[in-house]
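Visitor: The structure follows.
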Amino acid sequence: MAAEAFVAQLNEQIGHEFAAHQQYVACAVYYDSETLPQLARFFYRQALEERDHAMMMVQYLLDADEQVQIPGVSAPRVDFADIVAPVSLALDQERRVTEQINALAAVARNAGDYTSEQFMQWFIKEQVEEVATMSDLLRVVERSGGSPMDVETWMAREHGGGAAADPTAPRPAGAGA
Ligand SMILES: [Fe+2]
Ligand SMILES: [Fe+2]
């Protein structure tokens with residue numbers, strides 16, 4: 001059992017996370033088409049993380065024996081003016097999601113649903129990291145002054161390794177399936 005208002009809003013958030021997945025795929029494809037493989041790789045990986053976020057929320061609702069919605073999403077932006085635009089859009093998106101995640105924690109708390117409030121704690125921490133990562137990347141692409149190869153070198157150095165597994169992360173539905 002989870003608070004009704006929280007369940008409704010978490011189901012909406014599943015849609016926002018899938019929309020973020022689609023948007024990051026679109027960003028990755030744009031960089032891939034510009035032959036900027038490091039930027040493409042970064043966004044393909046971010047896309048998978050967004051899918052995981054959606055599936056963690058699905059698993060939470062399954063565990064709580066609540067109704068799960070898999071909302072449809074509107075088409076992502078695919079027309080980018082330059083290599084800065086996708087990162088700038090991504091930062092806006094992460095800031096928006098941070099507000100949504102905080103609102104979810106507030107709904108749970110106000111309803112006295114402390115289990116759901118605690119579930120949101122991991123996402124709150126995750127959003128701090130994602131906003132910081134996108135802010136750093138935006139500074140780098142803005143500073144590159146039309147020299148994407150400098151950005152590619154920086155990406156290879158800073159984000160070249162695979163993301164380390166986070167043992168505190170909630171389990172995504174279907175993980176290991
Ligand atoms: Fe997310
Ligand atoms: Fe994110």
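Visitor: Would you confirm whether any residue within region 82-96 is touching a Lys or Arg at 6+ places or on another chain (Cβ under 7 Å), closer than 26 Å to Leu36 by Cα and either of a type outside the set (Val, Ile, Thr) or assigned to a helix (DSSP H, G or I) (or both)? Steps first, please.
Guide: Our first condition is that a residue be touching a Lys or Arg at 6+ places or on another chain (Cβ under 7 Å); within region 82-96, this holds for 89.
Okay, now just the ones that are also closer than 26 Å to Leu36 by Cα, so 89.
Next, from what is left, pick out any that are either of a type outside the set (Val, Ile, Thr) or assigned to a helix (DSSP H, G or I) (or both): 89.
Yes, region 82-96 has at least one match.
Visitor: Can I ask one more? Got a sec? Which of Glu12, Glu17 is farther than 18 Å from Leu137 by Cα, buried (at least 20 other Cβ atoms within 10 Å of the Cβ) and touching a residue at least 12 places away in the same chain (Cβ under 8 Å)?
Guide: Values: Glu12 fails: buried (at least 20 other Cβ atoms within 10 Å of the Cβ).
That would be Glu17, the only listed residue that is farther than 18 Å from Leu137 by Cα, buried (at least 20 other Cβ atoms within 10 Å of the Cβ) and touching a residue at least 12 places away in the same chain (Cβ under 8 Å).
Visitor: Could you figure out which of (1) surrounded by fewer than 19 Cβ atoms within 10 Å (Cβ to Cβ); (2) not in a loop (DSSP other than H, G, I, E, B) isn't true of Met1?
Guide: (2)
Visitor: Within region 26-48, work out how many residues are open to solvent by 50 Å² or more (accessible area, probe 1.4 Å) and within 14 Å of ligand 2 (Cβ to nearest atom).
Guide: 3
Visitor: Mind listing whichever residues of region 129-164 are open to solvent by 90 Å² or more (accessible area, probe 1.4 Å) and within 29 Å of Val107 (Cα to Cα)?
Guide: Across region 129-164, the qualifying residue is only Glu129.
Visitor: Further question on the same structure: For Val84, which of the numbered conditions (1) within 14 Å of ligand 1 (Cβ to nearest atom); (2) within 30 Å of Arg143 (Cα to Cα); (3) open to solvent by 30 Å² or more (accessible area, probe 1.4 Å) fails to hold?
Guide: (1)
Visitor: From the list Asp79, Asp63, which residue is under 27 Å from Pro170 (Cα atoms) and without any contact (Cβ under 8 Å) to a residue 12 or more places away in the chain? Write out each step before concluding.
Guide: Numbers: Asp79 fails: under 27 Å from Pro170 (Cα atoms).
On inspection, the qualifying residue turns out to be Asp63.
Visitor: Which residues, counting only those in region 89-128, are open to solvent by 30 Å² or more (accessible area, probe 1.4 Å), over 19 Å from Ala8 (Cα atoms) and either small (Gly, Ala, Ser) or touching a residue at least 60 places away in the same chain (Cβ under 8 Å) (or both)?
Guide: Leu89
Visitor: Let me ask another. If Tyr60 satisfies every condition in (1) surrounded by 21 or more Cβ atoms within 10 Å (Cβ to Cβ); (2) within 16 Å of ligand 2 (Cβ to nearest atom); (3) not β-branched (Val, Ile, Thr) but one, which is the exception?
Guide: Every condition holds for Tyr60 apart from (2).
The values are calculated or read from the model by the stated rules, or taken from the named source; none is laboratory data. It should be emphasised that the depicted structure is a prediction, and the values quoted were computed from it without experimental measurement. Neighbour counts run over all protein chains shown; Cβ positions are idealised from the backbone, glycine included. We work out accessible area using only protein heavy atoms, side chains counted, and drop any ligands, DNA or RNA first. Shrake-Rupley method; radii C 1.70, N 1.55, O 1.52, S 1.80 Å.
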